[in-house]
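**Q** Questions regarding the structure given below will be posed in turn.
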Amino acid sequence: MRSLRTAPPLPLVFLLMTVGAFGTEWSVKYNQQEICALKGSTVFMNGTFTHPEGLTVNETFWTIAPVPGVKPTDLSKEPVYSGRVEFFTDEQKHFSLKLSDVMEKDEHQFCFRIKTNVEKQRWTGKPGVQLRVTELHVEAPEEVTEGETADLTCKTTCSLTGPTFIWYKNGRPLTTKTIESNQLHLQTVSSEDAGSYSCAVRGSQHLHSNAQNLRVRYPPKSISVSISPSGGTVEGSSVTLTCSSDANPPVKIYTWFKGSTPVGAGKTYSIPNIGSEDSGEYTCQSRNDHGQRNSTAVQIHVLYPPKRVSVSISPSGEIVEGTSVTLTCSSDGNPPVKIYTWFKEGGTSPVGSGHTYSIINITADHTGLYYCVAQNDHGALNGTVMVTVKTGGSVVLCSGVLYAVVGVSLCGNAALLTLFYWMRCKMQSGKLEKHHYENTDPDAQDDTYAALQPTARSSDDVYHTLAAVQFSSSEL
């Protein structure tokens, strides 16, 4: 008995080329035996064929790799491929298949089928072209810290032919990043690199991969402070400062400073019943696990009516009749005082206006209490000063009394009264001069001065005083 030996496998070319009945070979050659295509893309399968001489080709079409015992069917006539396949051939016996909107269920082996005018002279090019279908998928770290490096990879389940990858961030193409093959390399990650990344292949840009979100951890940035209510801050109102920042993870620790002094904590800082002492620069310090940063200082200007109004006299020292005097009004207000009005006590009309009030060639009539009214948009306040003019009035007064006494003494002891009043005036003159500049309380004047001061007593008082003196002297 002869032993049976299995014949070795026939080479591919032999399978695709066979001698026909007419002595000519059949052949089907595909440009690619395997194609990797993106889901949703359009793919082309190309090749050439020959057939034995003397045969006429009646029909060509593409079919799925035939199963033994099952008649090959034309793809264009199958409902699942309807409208998605197109066949092309030419006189040079080139053929191609165009398959549009590739689906995952299209992963088959596609074969070119030839029919001739001789029933048994038909040919199917086997093995055909194996189609693999893939989608793009981005692999990236979920989270990185600012300053680190990160690599994002555009992956497929099969090898695309000569692809050029395009990267997108938040739907916009990236043109400034380093792209090596299917990788996007971020050399030094910053907070601006956070976002949603996807990739595509040039020529099929409409077929984006899934979007992969890249989170970046970083310390607080873009810290700002807002003031509510906005606009001017009036004394007595309430003000709230709010701190905003950009950070990952979000800021949870806020500290408020006035100048360099901590004044509060929390995302907001409120000042009820605000006063002028609350004016100043405020900053917010924001902190998370990766660092801290301060905001730019904001200035709070509290608006308030005039305060601490005072009046100064220039030149300082005693005021002598005939000289010039300038009164200057000073105040603290916000906005600064621009309206000053001057009054003299006892008068109803202003005597002047402006920051200063000057009296030229001053006289005794200018003696009195002066006050200035300082006014801004939020109120008014007075400041006062006493102006006392040094004059020779006391000597004149003594002279007037002396003449009156001489007239009275004609009826009495004239010589004695004259001597008495001359001595009295000399003494009083010294007292008056000293008292006029050292005593600021009119009630502190002695009886003699009060008796002889015309502004302190009426004419009747002076008359009665003189009469009393005359009576006393007559008794002498």
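The values are calculated or read from the model by the stated rules, or taken from the named source; none is laboratory data. Note that this is a predicted model, so its numbers are computed, not measured. Positions of Cβ are generated from backbone atoms using ideal geometry, with glycine treated the same way; all protein chains shown enter the neighbour counts. Remember, those area values only see protein heavy atoms, side chains included, never the ligands or the DNA or RNA. Shrake-Rupley method; radii C 1.70, N 1.55, O 1.52, S 1.80 Å.
**Q** Within region 48-60, identify whether any single residue is surrounded by fewer than 13 Cβ atoms within 10 Å (Cβ to Cβ), within 30 Å of Y168 (Cβ to Cβ) and modelled with pLDDT under 90, and answer yes or no. Break it down into steps so the answer makes sense when it comes.
**A** To start, the set of residues in region 48-60 that are surrounded by fewer than 13 Cβ atoms within 10 Å (Cβ to Cβ) comprises 53, 56, 58-59.
Cutting the leftovers down to within 30 Å of Y168 (Cβ to Cβ) gives us none.
Checked against the condition, which is being surrounded by fewer than 13 Cβ atoms within 10 Å (Cβ to Cβ), within 30 Å of Y168 (Cβ to Cβ) and modelled with pLDDT under 90, region 48-60 yields no hits at all.
**Q** Next up: Is it the case that P306 is in a strand (DSSP E or B), at pLDDT 95 or above and either β-branched (V, I, T) or in contact with a strand residue (DSSP E or B) (Cβ under 8 Å, 6 or more places away or on another chain) (or both)?
**A** Details: in a strand (DSSP E or B): yes; at pLDDT 95 or above: yes; either β-branched (V, I, T) or in contact with a strand residue (DSSP E or B) (Cβ under 8 Å, 6 or more places away or on another chain) (or both): yes.
So P306 passes the test.
**Q** Please verify whether T149 is open to solvent by 60 Å² or more (accessible area, probe 1.4 Å), within 30 Å of S191 (Cβ to Cβ), within 60 Å of the chain's Cα centre (by Cα) and hydroxyl-bearing (S, T, Y), treating the condition exactly as stated.
**A** Here the answer is yes, as T149 does meet what is asked.
**Q** Additional query: Name every residue in region 360-392 that is more than 50 Å from the chain's Cα centre (by Cα) and assigned to a loop (DSSP other than H, G, I, E, B), in order of residue number.
**A** I360, N361, I362, T363, T367, T388, T391, G392
**Q** For region 93-112, what are the residues that are more than 12 Å from G47 (Cβ to Cβ) and not β-branched (V, I, T)?
**A** Of everything in region 93-112, those that are more than 12 Å from G47 (Cβ to Cβ) and not β-branched (V, I, T) turn out to be K98, L99, S100, D101, M103, E104, K105, D106, E107, H108, Q109.
**Q** Ok, one more. Among the candidates N273, N288, single out the residue that is of a type in the set (S, T, N, Q), out of contact with any Cys (no Cβ under 7 Å at 6 or more places or on another chain) and over 23 Å from V234 (Cα atoms). Even if it seems obvious, please write down each step before you answer.
**A** On the way: N273 fails: over 23 Å from V234 (Cα atoms).
Result of the check over N273, N288: N288.
**Q** Would you say N31 is modelled with pLDDT of 80 or more, polar (S, T, N, Q) and out of contact with any Ser or Thr (no Cβ under 7 Å at 6 or more places or on another chain)?
**A** It is true that N31 is modelled with pLDDT of 80 or more, polar (S, T, N, Q) and out of contact with any Ser or Thr (no Cβ under 7 Å at 6 or more places or on another chain).
**Q** In region 88-112, what residues are closer than 14 Å to W26 by Cβ and open to solvent by 40 Å² or more (accessible area, probe 1.4 Å)?
**A** Residue satisfying the conditions is K93 alone.
**Q** If a residue has to be under 27 Å from I253 (Cα atoms) and either in contact (Cβ under 8 Å) with a residue 12 or more places away in the chain or part of a strand (DSSP E or B) (or both) to count, how many in region 190-212 make the cut? Give the steps one after another, and end with the answer.
**A** Restricting attention to region 190-212, the residues satisfying the condition of being under 27 Å from I253 (Cα atoms) are 190-195.
Cutting the leftovers down to either in contact (Cβ under 8 Å) with a residue 12 or more places away in the chain or part of a strand (DSSP E or B) (or both) gives us 190-191, 193-195.
Number of matching residues: 5.
**Q** Okay, next question. Find all pairs meeting these conditions: Cβ atoms under 9 angstrom apart; at least six residues apart or on different chains; first residue within region 239-253 and touching a residue at least 40 places away in the same chain (Cβ under 8 Å); second residue assigned to a loop (DSSP other than H, G, I, E, B) and among the β-branched types (V, I, T).
**A** V239/I274; C243/V251; S245/V251
**Q** Continuing with the same structure: Would you tally the residues in region 311-359 being modelled with pLDDT under 95, among the polar types (S, T, N, Q), over 22 Å from N376 (Cα atoms) and in a strand (DSSP E or B)?
**A** Number satisfying all stated conditions: 1.
**Q** Taking Y254 as the residue in question, decide whether it is aromatic (F, W, Y) and in contact with a helix residue (DSSP H, G or I) (Cβ under 7 Å, 6 or more places away or on another chain).
**A** Judged against the criteria, Y254 is not a match.
**Q** Okay, moving on. Kindly indicate whether T178 is over 27 Å from V102 (Cα atoms) and either at pLDDT 90 or above or among the hydrophobic types (A, V, I, L, M, F, W, C) (or both).
**A** So T178 does not fit the description; no.
**Q** While we're looking at this one, here's another question. Of the conditions (1) basic (K, R); (2) under 60 Å from the mean Cα position of the chain (by Cα); (3) in a strand (DSSP E or B), R113 clears all except one; give me its number.
**A** Here R113 clears every test but (2).
**Q** I need a count of the residues in region 240-273 that are open to solvent by less than 30 Å² (accessible area, probe 1.4 Å) and either part of a strand (DSSP E or B) or modelled with pLDDT under 95 (or both).
**A** 7
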